[in-house]
Amino acid sequence: MVDDPLREEIERECVVERDGWAGERAARVTERLQRGVPAGERLETLVVWLEVATAFTGPGRTIYFSRRLLERLADDDAAAFIVAHELAHHRLGHVPPMSRAWLRLPLDILVAVLRHRIAGPERERDADLLAVELCLDAGYDPARCIAALEQLDRMILDHGDIDGSLGEDPDAGSIASGWGWLARRTHPPTRERIAAARAHVDAVRAGHRLAAELAERDRERRARRRRALAATAGSAAIAVAVMILRRRLPG
């Protein structure tokens, strides 16, 4: 088994539900989403008893799905979207490495910091859109999949986090991230996520894929870097020319 210190710590500190419908559902959707992926490269989903209704991942090959969240989802399709979102973080390169020194932190703080490093509004949007593609490719019903986000929206509103749903205060902490002590909002508003996911279903059916958007975004970033370097070089050249001119002019 691949070295996975976070999983070792979670299995030591938390109750992992391995039998019954919850574990079976998690295993079933995780396997279906990864058909065609070599066995040695697949991730596994653990159903963990946590106080927070959440799902997250980290370095290694494990997805952690809170029993509290799983039991609020109506069917395999909704659960598949949550698992696919975490798979997407891995496929998009969002997950940072982690040394065993991290394990000196209390587990709740460790998970919060790790989630904070993985997440961000743009990354969460990309993970949602790739999750849509993974679910469609696996044959899940997209409307039932996106119902997972609708359930998250209801949970957020139940906690009184109107901004987490509607996005009126981008500087407020978000219950959507699962860890309110981190002030920076890491997820887009859930209503925005739902709208983007629905639009992406139509886009995928029309032949669009997130990979094309990411490639274009990368080209734009490289172009901006080239322009910035050219501007810096131009400024430096002008400064050198001015210095030379000053030295040549009579005092």
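Residues in the range 96-140 that are surrounded by 14 or more Cβ atoms within 10 Å (Cβ to Cβ) and outside any helix (DSSP H, G or I) were compared, and the one that is modelled with the lowest pLDDT is MET98. At least 1 residues being under 24 Å from LEU92 (Cα atoms) and in the same structural domain as PRO96 (by TED's automatic domain parsing) is the threshold, and among the strands (runs of 3 or more DSSP E) wholly inside the range 10-74 those reaching it are 44-49, 55-57, 62-66. With respect to the conditions (1) modelled with pLDDT of 95 or more; (2) more than 18 Å from the chain's Cα centre (by Cα), ALA88 lacks only one, and its number is (2).
Within the range 58-71, the presence of at least one residue that is at pLDDT below 95 and within 22 Å of ARG125 (Cβ to Cβ) is confirmed. Checking GLU17, GLU44, GLU9 one by one, the residue that is free of Cβ contacts under 8 Å to residues at least 24 places away in the same chain and touching a helix residue (DSSP H, G or I) at 6+ places or on another chain (Cβ under 8 Å) is GLU44 and no other.
The values are calculated or read from the model by the stated rules, or taken from the named source; none is laboratory data. Just so it is clear, the model here is predicted, and its values are computed rather than measured. Cβ atoms come from the backbone with ideal geometry, glycine included; neighbour counts cover every protein chain shown.
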